[in-house]
Amino acid sequence: MRGGVLIIDKPAGLSSAQVVGRVKKLLQAPKVGHAGTLDPFATGVLVCLVNQATRLAQFFLSSGKQYEAELCLGVDTDTQDRTGRIVNRRPVPDFTEVDLQQIFGRFVGDIEQMPPAYSALKHNGVALYKLARSGRPVQKPARNVRIETLQIRAISLPTVRFTVTCSAGTYIRTLCADIGHALGCGGHLSELRRTVSSGFSIGEAISMEALTCCVDDPQISVPLIPPGDALRAMPALRADQATVAKMRCGGAIDIKDFTDLPLDATVMTNGEKGTYYKVLDDDEDLIAVVSVDPERERMAYCGVFA
C-alpha cells in the first residue's frame, strides 16, 4: 500500500491515538498518523495519514474546522467538558433566544483563548493533561484564534446546541466555558462532533465497522484518497518526464523547470516568502511538495514521494 489519506468517523470512547492504532492494524500499514486530535468522548472527522502520507501532516494541521456542539449551562467542570469533575453549580436563568444570541455574537471573529489545563499541549515535553492529573496543572498563555461562524441551532435549557466554524487550535470546550462565564451561570461542553477538518467533510468519512468490512472483503476497496488528491487547496504543477527523473534523485530544480508556474508566485503563505505547490506527473501521482522563492528563482523540496 503506497499510502494516502483515510477519513475516519471517530466513535465516542476511543482516543485519536487508539483509532490510529486500530487503523494501522487493520491495514497492516507500517505508518499511520492523524492530522488533528479529537477528545475521546468526541466523534466525527479524524484525518488519518497512511504510510508516505504521514509526511504531509504539516499541510493539514493548520486548516480550519467545523463542529456541532452542545453547551450545558449551570455546571462548571475542571476539564471544561462532561468528562471532568464538577467544580461549581449555579442556577440557569430563563434565557431568551435574544439573550443567548447577544452573548454568542461576542465570540465571533478574532478572540483570545486560554488553553485548557487538560489538553494535549506540552510543557517541557510533557502533555498538560498529564501534569493536571498529577496535581501540577500548568496554564499556558492566551492565544489568538478565529471564530468564523457561530450559530445556535436549538435551545432546551440548560442545553444549547450550536455549530461553529473556526481556525485550527480553537478549543470548543473553552469556548463553551467562556460563553457560560459571559452568561453568568457557567457551563461546559457536553457533546462534540467534528463535521469538517482539513477540507474533508463527515460525508466522506468511514466508520471503523465499515473499514473492517472493506478489509475483510477483497471486493470492497478501502477509500484511501491519493496524497495528491488530498492536498485539495494546494496549487499543482505538472512535471515532464525529465523533471520527474531529476526530482526522484533529489536533483536541484528551479522555476524554469515548470512552464505552468503562476506569475504571481510571490504570495505570502505560512509566514514564508513564496508558496507551496504539489508536483504531479502525467498520471496525476504526487512526486513532491515544493516551496518557491521567486527572487532567487529557486525551489526547495518539502518532501519527495516514491
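Nothing in this text is a laboratory measurement; each read-out follows from the coordinates by a stated rule. Just so you know, these numbers come straight off a predicted model, no measurement behind them. With ideal geometry, Cβ positions are generated from the backbone for all residues, glycine too; neighbour counts draw on all protein chains shown.
How far apart, in nanometres, would the label points at Asp99 and Glu209 be if each is projected 7 angstrom from Cα along the Cα-to-Cβ direction?
Between Asp99 and Glu209, the simple spin-label model gives 4.1 nm.
Normalised by the residues of the chain, what does the relative contact order come to in percent, with Cα pairs under 8 Å and at least six apart? Don't skip to the answer; put the middle values down first.
Values: 631 pairs, mean separation 59.8, N = 306.
That works out to 20 percent.
Quick check for me: using +1 on Lys/Arg Cβ and -1 on Asp/Glu Cβ, what's the dipole size of the chain about its Cα centre, in debye to the nearest 20?
Values: 34 positive and 34 negative charges, 272 e Å.
That gives the chain a dipole magnitude of about 1300 debye.
For a protection proxy built on the mean count of beta-carbon atoms within 10 angstrom, sort 99-109, 72-82 highest first, please.
On the way: 99-109: 14.6, 72-82: 21.0.
Peptide ranking by packing, descending: 72-82, 99-109.
Using the alpha carbon gyration tensor of the chain, what are the three equivalent-ellipsoid semi-axes (square root of 5 times each eigenvalue), largest first, in whole Å?
On the way: eigenvalues 322, 108, 63 Å².
The answer is 40, 23, 18 Å, longest axis first.
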